[in-house]
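> My questions will all concern the structure given below.
The values are calculated or read from the model by the stated rules, or taken from the named source; none is laboratory data. Given the structure is predicted, the values throughout are model-derived calculations rather than measurements. Because the Cβ atoms are built from the backbone with ideal geometry, glycine has one as well, and the counts that use them run over all protein chains shown.
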Amino acid sequence: EKNQKGQIYFNGQDITNKSIRSRASHIGYVMQNPNQMISQAMIFDEVDSGIGGATARAVGEKLARLGKNVQVMSVTHSPQIAALGECHFKVAKNVSQGITTTGVTRLNETEKNEEIARMLSGEQITDEARAAAKVLIGA
């Protein structure tokens with residue numbers, strides 16, 4: 001059975017093992033040719049794999065621009081990418097009595113700020129992380 005975790009597909013082709021530059025060029029192609037897209041929705045899972053900081057911010061900006069033409073959904077652990085989204089959902093896994101469940105919650109603006117701060121600082125959210133989250137979000 002093929003492990004699906006962390007795989008990246010573009011037009012049905014697995015580009016997981018391509019360089020970060022190559023993966024970014026695929027996103028760039030889509031942004032430059034939105035009218036050639038068959039679907040009006042795109043899902044990016046773990047597009048932030050192996051990147052951070054300014055590079056993650058640049059990818060987030062590209063995804064945000066792409067989102068002006070098609071619906072874009074991105075699963076990310078990057079606060080730089082998450083901060084640029086318009087609508088946020090938090091996915092959380094819970095294990096109770098040996099049973100694993102997954103919950104999805106839509107976040108309001110306050111919850112979004114707190115989640116971005118948590119992504120920046122870890123479980124204990126500091127005032128500095130909250131301030132940095134506001135800067136990332138542009139609030």
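> Filter the range 69-102 for residues that are assigned to a loop (DSSP other than H, G, I, E, B) and either under 12 Å from the mean Cα position of the chain (by Cα) or aliphatic (A, V, I, L, M) (or both) and give the result. Write out each step before concluding.
First, the residues of the range 69-102 that are assigned to a loop (DSSP other than H, G, I, E, B): 69-70, 76-78, 83-87, 97-98.
Result: VAL70, THR76, HIS77, SER78, ALA83, LEU84, GLY85, GLU86, CYS87.
> Please state which of the following conditions GLU86 fails to meet, knowing it meets all the rest: (1) loosely packed, with under 14 Cβ neighbours inside 10 Å; (2) touching a Lys or Arg at 6+ places or on another chain (Cβ under 8 Å); (3) under 20 Å from LEU136 (Cα atoms); (4) not hydroxyl-bearing (Ser, Thr, Tyr).
Here GLU86 clears every test but (2).
> Got a sec? Which of THR100, THR126 is of a type in the set (Ser, Thr, Tyr), free of Cβ contacts under 8 Å to residues at least 24 places away in the same chain and surrounded by fewer than 10 Cβ atoms within 10 Å (Cβ to Cβ)? Give the steps one after another, and end with the answer.
Values: THR126 fails: surrounded by fewer than 10 Cβ atoms within 10 Å (Cβ to Cβ).
Result: THR100 is the single residue among THR100, THR126 that is of a type in the set (Ser, Thr, Tyr), free of Cβ contacts under 8 Å to residues at least 24 places away in the same chain and surrounded by fewer than 10 Cβ atoms within 10 Å (Cβ to Cβ).
> Turning to a different aspect of this structure: When the range 42-57 is examined, which residues are found to be of a type in the set (Gly, Ala, Ser) and either closer than 21 Å to LYS112 by Cβ or part of a loop (DSSP other than H, G, I, E, B) (or both)? Before the answer, list the steps.
Quick first cut of the range 42-57, residues of a type in the set (Gly, Ala, Ser) only: 49-50, 52-54, 56.
Across the range 42-57, the qualifying residues are SER49, GLY50, GLY52, GLY53, ALA56.
> Which count do you get for residues in the range 103-123 that are touching a Pro at 6+ places or on another chain (Cβ under 6 Å) and without any contact (Cβ under 8 Å) to a residue 40 or more places away in the chain?
Qualifying residue count, the range 103-123: 1.
> Report yes if some residue within the range 64-73 is exposed (fewer than 12 other Cβ atoms within 10 Å of the Cβ), among the charged types (D, E, K, R) and modelled with pLDDT of 80 or more; otherwise report no.
Within the range 64-73 (the criterion being exposed (fewer than 12 other Cβ atoms within 10 Å of the Cβ), among the charged types (D, E, K, R) and modelled with pLDDT of 80 or more), the answer is yes, since at least one residue qualifies.
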